[in-house]
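What follows is a single structure, written as structure tokens, with notes after it.
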Amino acid sequence: MKISRIRVFQVDLPMKEGSYSWSTQSFSAFDSTVVLIDTDEGLTGVGESCPLGPSYLAAYAEGVRTGVSILAPDLIGEDPTQLDRINLKMDQLLKGHPYVKSAIDMACWDLLGKATGMPVYQLLGGKLQERVKLFKVVARADPGLMAEHFVEYRELGFNHFQIKVGESPDSDIERFRRIIEVMEPTDVVDADANTGWKQHEALRVVNAASQMLKERQLSCFIEQPCLSYEECLAVRQHTDLPFILDECMDGLSILLRGYQDNAMDLINLKINRMGGLTRARQVRDLCINLGIVMTIEDSWGGEIATAAIAHLAQSTPGAFHFQSSAFHEYASVAIAEGGPIVADGYMTAPTQPGLGVTPLIDMLGAPVFEIA
Ligand code: MG
């Protein structure tokens, strides 16, 4: 099989709730890129990469499209089912920029599945979980409103929550206070600061939260309090609350360093920060071998990226999978049919060959560019 054409589409994913806020950032929509890879055998693969705005990670939406325009001409004629060969070629053509390569890698996995008649979860090791535990993000807002949302989401069937903090120590301590008041022992809560605190601020907030939690005999995960690995490690060493590293976990070497330093209990594995399913799978498998539990997700996306999350999570042993995100549930538009089915706080990956999603071409509009 040979790649005959690569088409690139831009689509906006507006937020159902009007906006999505975390740390000090807020957006009403996210700019996503969908890549369709056509082949000489008539099969088409689909991938998606959606950075969470231009200032969350070192990634931006226009960069996905520019990056793909640099890679695509040299991928024409390549066999998309030879995943490591495709990734090696992309690394030779463009240094870094994993979020660019993720959309192409994802589309190649879709093609491998379609060519072999197997869903991607099967190619990634098999169905090790019947369904994927979801968390619901309680976006940063006024502390009282966040507590109201928390209770509403629990009534929808969720019991895993990620509360967005990281704005400022005083407002965040108030957020903890209001959320802890409505928490129940069966709730699993992860307070994600998304790098928003300086080290001294993180120590202050985490100590205050820890005290309030102890008074109610509850616990809460702390996720990526500060920007650097070193700051996070210092905070980790001063708290007994379970700890998740996310933004700084961008490859195998930092994962191994974190393991050696006992810097975290869990990591957050994002597909496009690793460069696609090929590299995310390597990290996933190493985590399983080291005993590190994972939140498995992506930066953002619609049905296509969420399907990739569901396939990767469903092929991960339940004991090593903490939770995932169903991003397509947050958007007011659909960009593909057949996305993961969400029910009772869980999602299930499509069972059709490949990712199992069909892009809605009318929704995607005309390609931004195509290379054949
Ligand atoms: Mg996070």
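Since every read-out is calculated from the coordinates, none of them should be taken as a lab result. These numbers come from a predicted model, not from an experiment. When we count neighbours, we look across all protein chains shown, and the Cβ atoms used for this are built from the backbone with ideal geometry, even at glycine.
The table that follows gives values for the structure above.
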quantity: Nearest-0.05 FRET efficiency for residue 91 and residue 358, computed from C-beta distance (R0 51 Å); calculated: 0.95
quantity: Helix-only CD estimate at 222 nm, as mean residue ellipticity for the chain, using -39500 (n - 2.57) per DSSP H run (n ≥ 4); calculated: -12000 deg cm²/dmol
quantity: Net +/- balance of residues flanking residue 315 in space, Cβ distance below 11 Å, scoring K and R +1, D and E -1; calculated: +2
quantity: Length gained when the stretch residue 145-residue 289 is fully extended (0.36 nm per residue, less Cα-Cα span); calculated: 47.8 nm
quantity: Summed side-chain charge close to residue 36 - residues other than residue 36 whose Cβ falls under 12 Å, Lys, Arg +1, Asp, Glu -1; calculated: -2
quantity: Order by protection proxy (mean Cβ within 10 Å, highest first), peptides 40-48, 66-74; calculated: 40-48, 66-74
quantity: Förster-model FRET efficiency, 51 Å R0, residue 181 and residue 370, C-beta, rounded to 0.05; calculated: 0.40
quantity: Cross-link pairs 2/127; 164/270; 214/270 - those with Cα-Cα distance over 22 Å; calculated: 2/127; 214/270
quantity: Rg and Dmax [Cα atoms of the range 122-356; Å; Rg one decimal, Dmax integer]; calculated: 17.2, 50
quantity: Inter-label distance, nm, simple model (7 Å from Cα along the C-beta direction), residue 12/residue 41; calculated: 3.9
quantity: 20 Å reach of a label modelled at residue 348, 7 Å along Cα-to-Cβ, counting backbone N of the range 88-132; calculated: 118-132
quantity: Beta bridges per DSSP with both ends in the chain, % antiparallel, nearest 5; calculated: 55
quantity: Burial ranking of peptide ranges 109-118, 304-313 (average Cβ count within 10 Å, highest at the top); calculated: 304-313, 109-118
quantity: Cα gyration tensor shape for the range 151-262, rounded if a/c is under 1.5, else prolate or oblate; calculated: prolate
